[in-house]
1. For the range 88-127, give me each residue that is surrounded by fewer than 24 Cβ atoms within 10 Å (Cβ to Cβ), among the charged types (D, E, K, R) and more than 13 Å from Val46 (Cα to Cα).
2. Of all residues being more than 14 Å from the chain's Cα centre (by Cα) and assigned to a loop (DSSP other than H, G, I, E, B) in the range 105-121, which is modelled with the highest pLDDT? Just the residue, please.
3. Among the numbered conditions (1) within 15 Å of the chain's Cα centre (by Cα); (2) modelled with pLDDT of 90 or more; (3) small (Gly, Ala, Ser); (4) over 21 Å from Ala21 (Cβ atoms), tell me where Ala125 comes up short.
4. Give Arg63, Arg58, Arg85 a once-over and let me know the one that is modelled with pLDDT of 90 or more, of a type in the set (Lys, Arg) and surrounded by 15 or more Cβ atoms within 10 Å (Cβ to Cβ).
Amino acid sequence: MLLAPLLTFAQDVTEPALKAAFIYNFLKFTEWPEPLPASDPFVICVLGDAAVGGALERVVKDRAFAGHQMIVSPVAIAGPMKPCRVLYVSSVAAAQATPLLAGLQASSVLTIGDDAAVTESGGMARFFFERGQLRFDISLAAVKRSRLQMSSRLLALAIRK
């Protein structure tokens, strides 16, 4: 009976909410080489998964990152790419995501997705489930290319590097 509230809480956590929490925590363990101008917001772009976008909006609401207001912005394959610090890609065909990710390889945009095609196309991190738990792998080559600095604590948690 003592575990019942914990089990209920665990069942209430949705996959989008869990991914949003992971993305938010990735920010805390990542440093960008170029500082944002003081008046610019910290923009997290979401391509393809509105549920994760909504969960991210709830996570970052009324929070700041490095002194910047955080906003979540949906992006579309066909539309112009907005200036983002983070791009989360999900539920998008690999043929559509590949050119976008390839175009961001030399930029300092933290790219995360939930398909192996993301890291194969130059993205930095991929979420996946293993034995019912959300895990992630990180492409060290992609991180190095972007000039982002990821904490060794984050890298130590990655399943594959």
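The values are calculated or read from the model by the stated rules, or taken from the named source; none is laboratory data. Just so it is clear, the structure is predicted and the values come from calculations on it, not from any experiment. Neighbour counts are summed over all protein chains in view; Cβ atoms, including those assigned to glycine, are modelled from backbone coordinates with ideal geometry.
1. Correct list: Asp115, Glu120.
2. Ser107
3. That leaves (4) as the condition not met.
4. Every option except Arg85 fails the conditions.
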